[in-house]
Amino acid sequence: MKIAMIGSGYVGLVTGACFADFGHQVVCIDKDLDKIAALRGGRMPIYEPGLDALVADNMRENRLFFDTELAEAVADADAVFIAVGTPSRRGDGLADLSYVYAAAHEIARALSSYTVVVTKSTVPVGTGDEVERIIREVQPSADFAVVSNPEFLREGAAIGDFKHPDRVVIGVEDDRAAKVMNEIYRPLYLNSTPVLVMGRRAAELTKYAANAFLATKVTFINEIADLCEQVGADVQEVAHGIGLDNRIGRMFLHAGPGYGGSCFPKDTLALVKTAQDHRSPLRIIETIVAINDQRKRAMAHKVIAACGGSVRGKTIAILGLTFKPDTDDMRDAPSLSIIASLKDAGAKVRAYDPEGMENARALLPDIVYAADPLGCAEGADALVIVTEWGAFRALDFARLRAIMAAPVLVDLRNIYEPESMRAHGFIYRSVGRSEA
Ligand SMILES: NC(=O)c1ccc[n+]([C@@H]2O[C@H](COP(=O)([O-])OP(=O)(O)OC[C@H]3O[C@@H](n4cnc5c(N)ncnc54)[C@H](O)[C@@H]3O)[C@@H](O)[C@H]2O)c1
């Protein structure tokens, strides 16, 4: 199949490279000239494990190409995927669909023969109808179908997730388009991946419902963690105890500083707004959004309490800035609110992240960046683990204890055992465990 991928970010680039690896001919397009120049030169514009090798292999095999203009690739394509951003719209929190609609206009002008236009971006229910209307308006004679194919990959594990998904969701109203989609995903059929063909609106809503459910699970265990701290129970024991129940499941039951990232915050908010607009409010999700917002500032207060009630003039060392490990994505990372709150309280903040510091500098210009974890901790009054990068799981505690101004360790990801931290001489605080 010939595929044009509009938008070469975290989703478009991974999806395009994986489709090429399935054997399709793929052109990844992006408006960002620097991104395309980097990709053509073999440099990855994002950090995603394994992506550089996958892109290089498929470029070498002449299956993966990059361009800044879509006209030629779209005219030639069996399927055009829209994988542009859908951030929160300023003011009302609905998904900002301006990039999707701009792409639809451009695609419409370039369509030649029968083409399947696929929204891979996360878009509110009904967006497919509007994409179809735009294309029809721009080119009334165009032969096309609009399909929804939401993406469920996780950054940091994106290639594995794309190639071995729990399921593929295809929202389609047209048999001819369904055949093209089946052909594109044929390698996954061979893997026995469930490919769910459903109505377009159901597919659009499935993506939001999935993210909202996962955000609910995270928020649920976070609130249980707070209760654990009050009653002297260990949230990890509780999470294990409920997670082994197959009806509940073990995933997404790790207590922490609140969910962040490029999807959960904006998707939960957009779903809340969509539901309100349709006079069918989702009160559970409204509450989840409110709880999660408050939680990030509450984590800063946990640090302040661990420092004896004040951080004014103190140096707080932050390990981990990205919203999760193995990505450089800083969008809506909990670190942003935690650091802002610590600075509001008068702290000096120094931070280290293995991959996120370049993106972080644009969002957090007035903190100090360290070259490594020990450099970050040197002279600090407290060390806070915000993101559980593998590199932070085996710190040299004797050195840390010796170089820090005060032995305070706040572990917002529960990666260490309270007893062993106490044995190293630390005042140790974590999430939902009785020492806190
Ligand atoms: N990041 C994730 O983990 C993830 C997972 C599942 C779904 N999604 C969804 O996928 C979509 C894309 O997310 P992302 O994280 O890849 O965003 P991103 O910001 O990394 O990438 C979007 C890219 O689209 C480009 N772009 C915008 N308009 C364009 C146009 N008209 N023509 C060509 N290029 C254009 C931008 O320059 C940018 O490079 C969003 O709707 C998101 O919600 C993201």
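The values are calculated or read from the model by the stated rules, or taken from the named source; none is laboratory data. Worth saying up front: this structure is predicted, and the values here are computed from it rather than measured. Backbone-built Cβ (ideal geometry, glycine too); neighbour counts: all protein chains shown. All accessible areas refer to the heavy atoms of the entire protein, side chains included, with ligands and DNA or RNA removed. Shrake-Rupley method; radii C 1.70, N 1.55, O 1.52, S 1.80 Å.
Summarising the label geometry, the points placed 7 Å from Cα in the beta-carbon direction at ARG60 and ARG283 lie 5.9 nm from one another. Between ARG250 and ALA202, the distance separating the two model label sites (each 7 Å from Cα on the Cα→Cβ line) works out to 3.2 nm.
The Rg/Rh ratio for the chain, using Cα coordinates for both the radius of gyration and the Kirkwood hydrodynamic radius, is 1.00. Residue by residue, the range 252-260 carries 3J(HN,Hα) couplings of 6, 10, 9, 5, x, x, x, 6, x Hz when phi is fed to the Karplus relation 6.51 cos²θ - 1.76 cosθ + 1.60 (θ = phi - 60°); x denotes Gly or Pro. For ASP372, the solvent-accessible surface with a 1.4 Å probe is about 70 Å², rounded to the nearest 10.
Net charge within 13 Å of GLN139 by Cβ-Cβ distance, Lys/Arg positive one each and Asp/Glu negative one each, not counting GLN139 itself? Counting the neighbours of GLN139, the net charge comes to -1. Antiparallel beta bridges, as assigned by DSSP with both residues in the chain, represent about 5 percent of the total such bridges. With the whole protein complex present, HIS301 retains an accessible surface near 110 Å², based on a 1.4 Å probe.
Full extension of the chain between SER113 and HIS301 yields a length gain of 61.7 nm, computed as 0.36 nm times the residue separation minus the alpha carbon distance. Computed about the Cα centre, the dipole magnitude for the range 192-300 is approximately 540 debye when only Lys and Arg (+1) and Asp and Glu (-1) carry charge, each at its Cβ. Excluding ligands, DNA and RNA, the accessible surface per residue across the chain is 43 Å² with a 1.4 Å probe.
Extension gain for the segment SER434 to ASP143, taken as residue separation times 0.36 nm less the Cα-Cα distance, is 98.4 nm to one decimal. Once Rg and the Kirkwood radius are both taken over the C-alpha atoms of the range 67-205, their ratio Rg/Rh works out to 0.96.
The slack in the chain from LYS2 to ARG312, taken as 0.36 nm per residue of separation less the alpha-carbon distance, amounts to 105.7 nm.
Modelled spin labels at ALA394 and ALA53, positioned 7 Å past Cα toward Cβ, are 2.0 nm from each other.
Spatially, the range 261-282 and the range 12-81 are offset by 31 Å when compared through their Cα centroids. Taking the chain as the reference, fit the longest principal axis to its C-alpha atoms, fit the long axis of helix 127-138 to the helix C-alpha atoms, and give the angle between the two in degrees, 0 to 90, nearest 10. Helix 127-138 and the main axis of the chain meet at about 40 degrees. Of the GluC sites (Glu not before Pro) found in the range 36-131, the ones in coil according to DSSP and having at most 13 other Cβ atoms within 10 Å of their Cβ are GLU61, GLU69.
What angle, in degrees between 0 and 90 and rounded to the nearest 10, separates the Cα long axis of helix 98-110 from the longest principal axis of the Cα atoms of the chain? It works out to around 20 degrees.
The fraction of Cα-Cα pairs per 10 angstrom bin, counted from 0 for the range 117-271, comes to 10, 31, 30, 18, 8, 3, 0 percent, rounded to whole percents. In the chain, the longest principal axis of the Cα atoms and the axis of helix 10-22 are about 60 degrees apart. Computed over protein heavy atoms with a 1.4 Å probe, the carbon and sulfur contribution to the accessible area of the chain reaches 51%. Could you tell me the number of lysine pairs in the range 271-424 with C-alpha atoms less than 28 Å from each other, where the two lysines are 8 or more residues apart or belong to different chains? Count of close lysine pairs: 15. Across the options GLY156, ASN62, GLY85, the greatest Cα extent toward the positive end of the charge dipole of the range 30-188 (unit charges at beta carbon of Lys, Arg, Asp, Glu) belongs to GLY156. Neighbours of GLY308, meaning other residues whose beta-carbon lies under 15 angstrom from its beta-carbon, give a summed charge of +3 when Lys and Arg score +1 and Asp and Glu score -1. Relative to the Cα centre, what is the charge dipole magnitude of the chain, using +1 at the beta carbon of each Lys and Arg, -1 at the beta carbon of each Asp and Glu, and rounding to the nearest 20 debye? Roughly 840 debye for the chain. Straight-line cross-link partners of LYS217 among the aspartates and glutamates, defined as a Cα under 17 Å from its Cα and at least 8 positions apart when in the same chain: ASP226, GLU237, ASP245, ASP267, GLU286, ASP293. Take the alpha carbon gyration tensor of the range 49-146, find the square roots of its eigenvalues, order them as a ≥ b ≥ c, and report rounded if a/c is under 1.5; if not, report prolate when a/b exceeds b/c, else oblate. In terms of gyration-tensor shape, oblate. Cα centroids of the range 359-412 and the range 302-347: 10 Å apart.
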